[in-house]
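Visitor: Handing you a structure now.
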2 protein chains.
Amino acid sequence: MDSDDALAIFSALSHPTRLEAFRLLLRHEPEGLATGALVDASGLSQSTFSSHLAVMVKAGLVRSAKQGRQNIQRADVRALTDLMLYLANDCCQGHPELCQPLLAELASCC
Amino acid sequence: MDSDDALAIFSALSHPTRLEAFRLLLRHEPEGLATGALVDASGLSQSTFSSHLAVMVKAGLVRSAKQGRQNIQRADVRALTDLMLYLANDCCQGHPELCQPLLAELASCC
DNA sequence: TCCATTCATCGACTTTATTCGATGGGAAGG
DNA sequence: CCTTCCCATCGAATAAAGTCGATGAATGGA
């Protein structure tokens with residue numbers, strides 16, 4: 001994970017439609033959702049949502065797999081993990097104690 | 001932390017100048033950096049960087065404090081923590097096991 | 001008081017993102 | 001083979017972001 005990777009992920013998640021779609025996919029791990037279901041959930045036109053989906057796939061946040069005549073989309077949890085580690089690294093480099101609250105809350109969350 | 005808060009943070013971090021500035025501030029916690037030092041590091045004009053800084057402050061990622069005639073900027077680590085928890089919550093809701101790798105790596109990082 | 005420093009805001013311009021309808025490719029079913 | 005369904009891509013229009021120089025407010029020092 002370098003700056004460009006992180007930047008692509010931040011950009012991908014900086015739009016309401018894409019953030020909601022990604023969260024929806026997270027909640028549907030690991031089976032995923034068909035593109036059509038995501039389009040319906042977004043309320044946008046098929047072509048508009050398709051371009052949003054392309055942004056997320058390009059950023060590595062979502063993985064697409066053909067299944068018959070529909071495409072199944074899955075959230076890439078690993079990309080999310082890497083993003084958090086990328087930021088945590090800068091944070092912990094100088095002041096490890098700053099990450100303790102995060103660690104504690106994540107432990108109780110998961 | 002709701003969707004709008006998260007969206008503002010993702011947008012703030014989706015620009016190279018802002019991402020680098022925020023990482024620089026993280027590495028300078030807790031003393032912070034003057035706006036001028038951030039401008040110099042960015043290589044952009046003072047007015048352009050000022051607008052980038054305003055985006056980060058508005059998103060709650062950076063806190064500004066006057067000190068004499070310069071403004072000291074500090075990264076808000078809490079905002080970052082909240083952002084990660086916001087995403088982890090969707091992830092863990094259905095499948096707690098997906099967060100285990102993150103937790104493990106964070107523990108060894110910090 | 002007068003000047004230099006620091007930085008936010010304004011106005012104008014350029015670049016990029018978002019959105020949609022229309023078109024077309026590929027797969028399943030009749 | 002023909003039709004239907006699913007979805008990516010294209011082209012054009014509108015909206016939003018990014019960039020800069022210029023201006024001005026506020027502060028501290030001469």
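The values are calculated or read from the model by the stated rules, or taken from the named source; none is laboratory data. Being a predicted model, the structure only gives us computed values, none of them experimental. No Cβ is skipped: glycine too gets one built from the backbone with ideal geometry, and neighbour counts run over all protein chains shown. With ligands, DNA and RNA removed, areas are computed over all heavy atoms of the protein, side chains included. Shrake-Rupley method; radii C 1.70, N 1.55, O 1.52, S 1.80 Å.
Visitor: What are the nm distances, shortest first, from A:ASP4 to its equivalents in the other copies, labels at 7 Å along Cα→Cβ?
Guide: 3.6
Visitor: Could you run the Debye sum over the Cα atoms of the protein assembly as shown, one equal point scatterer each and no solvent, and tell me log10 of I(q)/I(0) at q = 0.08, 0.11, 0.16 Å⁻¹, two decimals?
Guide: Cα-only, vacuum Debye calculation for the protein assembly as shown: -0.30, -0.56, -1.08.
Visitor: Counting other Cβ atoms within 10 Å of each Cβ, which GluC sites (Glu not before Pro) in segment A:19-99 have at most 11 and sit in a DSSP loop? Working shown, then result.
Guide: Details: sites: A:GLU20, A:GLU31, A:GLU97; in loops: A:GLU31.
Sites meeting the loop and neighbour criteria: A:GLU31.
Visitor: Could you work out how far helix A:77-94 tilts from the main Cα principal axis of chain A, as a 0 to 90 degree angle to the nearest 10?
Guide: 20 degrees
Visitor: Let me ask something else. Calculate how steeply helix B:46-59 sits against the longest principal axis of the alpha-carbon atoms of chain B, using the helix alpha-carbon long axis, and give the answer as 0 to 90 degrees to the nearest 10.
Guide: For B:46-59 against chain B, the angle is about 30 degrees.
Visitor: For segment A:1-107, which trypsin sites (Lys or Arg not before Pro) pass both filters: DSSP loop (anything but H, G, I, E, B) and at most 14 other C-beta atoms within 10 Å? The partial results should precede the final answer.
Guide: Working: sites: A:ARG18, A:ARG23, A:ARG27, A:LYS58, A:ARG63, A:LYS66, A:ARG69, A:ARG74, A:ARG78; in loops: A:ARG69.
Of the trypsin sites (Lys or Arg not before Pro), the ones in loops of segment A:1-107 whose Cβ has at most 14 other Cβ atoms within 10 Å are A:ARG69.
Visitor: Rank A:ILE9, B:ILE72 by accessible area, highest first, at a 1.4 Å probe radius? Show your work: numbers first, answer last.
Guide: Numbers: A:ILE9 5, B:ILE72 25 Å².
The ordering from most to least exposed comes out as B:ILE72, A:ILE9.
Visitor: Take chain B, connect every pair of alpha-carbon atoms lying under 10 Å apart with a spring to form a Gaussian network, then pick out the residue of B:SER11, B:SER64, B:SER47 with the largest mean-square fluctuation.
Guide: With Cα springs under 10 Å in chain B, the top fluctuation among B:SER11, B:SER64, B:SER47 is at B:SER47.
Visitor: Could you pull the accessible area for A:VAL39 with a 1.4 Å probe, rounded to 10 Å²?
Guide: Here the accessible area works out near 20 Å².
Visitor: Let me ask another. Ignoring everything except DSSP H segments at least 4 long, calculate the 222 nm mean residue ellipticity for chain A; use -39,500 (n - 2.57) per segment, divide by total residues, nearest 500. Kindly include the intermediate steps, with their values, before the conclusion.
Guide: Numbers: 6 runs with 72 residues, N = 110.
-20500 deg cm²/dmol, from helical runs alone.
Visitor: While we're on this one: Evaluate 2.2 N^0.38 Å with N set to the residue count of segment A:3-77, then give the Cα radius of gyration divided by it. Before the final figure, lay out each step's value.
Guide: Numbers: Rg = 11.4 Å, N = 75, 2.2 N^0.38 = 11.3 Å.
For segment A:3-77, the normalised Cα radius of gyration comes out at 1.01.
Visitor: Measure nothing fancy, just the Cα-based angle from helix B:16-27's long axis to the longest principal axis of chain B, in degrees from 0 to 90, nearest 10.
Guide: Once rounded, one gets 80 degrees.
Visitor: Please build a GNM for chain A, connecting alpha carbons under 10 Å apart, and tell me which residue among A:GLY60, A:GLY68, A:GLY43 fluctuates the most.
Guide: A:GLY68
Visitor: Could you check how much of the accessible area of chain B is carbon and sulfur, as a whole percent, using a 1.4 Å probe?
Guide: Numbers: 2630 of 5200 Å².
Answer for chain B is 51 percent, counting heavy atoms of protein chains only.
Visitor: Accessible area lost on pairing A with B, both sides, 1.4 Å probe, Å² to nearest 100? Kindly include the intermediate steps, with their values, before the conclusion.
Guide: Details: alone 7180 and 7190 Å², together 10400 Å².
Adding both sides of the contact gives about 4000 Å².
Visitor: In segment A:1-42, what residues drop by 20 Å² or more of accessible area when the other protein chains are put back, versus the chain on its own? Use 1.4 Å, and skip ligands and nucleic acids.
Guide: Residues passing the criterion (a loss of at least 20 Å², heavy atoms only) are A:SER3, A:LEU7, A:PHE10, A:SER11, A:LEU13, A:SER14, A:PRO16, A:LEU19, A:ARG23, A:LEU26, A:ARG27, A:GLU29.
Visitor: Please give the per residue accessible area of segment A:3-77, computed with a probe of 1.4 Å over protein heavy atoms only, in Å². Please report the intermediate quantities before stating the final value.
Guide: Numbers: 3680 Å² over 75 residues.
On a per-residue basis, segment A:3-77 sits at 49 Å².
Visitor: Something else: In nm, what does the list of distances from B:SER51 to its counterparts in the other copies look like, shortest first, when each label sits 7 Å along Cα to Cβ?
Guide: 2.2
Visitor: Please compute the modelled spin-label separation between A:ARG63 and B:GLN67, points set 7 Å along Cα→Cβ, answer in nm with one decimal.
Guide: Inter-label distance under the simple model: 4.6 nm.
Visitor: Now for a different question. Mind listing the label-point distances from B:THR35 to the same position on all other copies, shortest first, one decimal in nm, points 7 Å along Cα→Cβ?
Guide: 4.6
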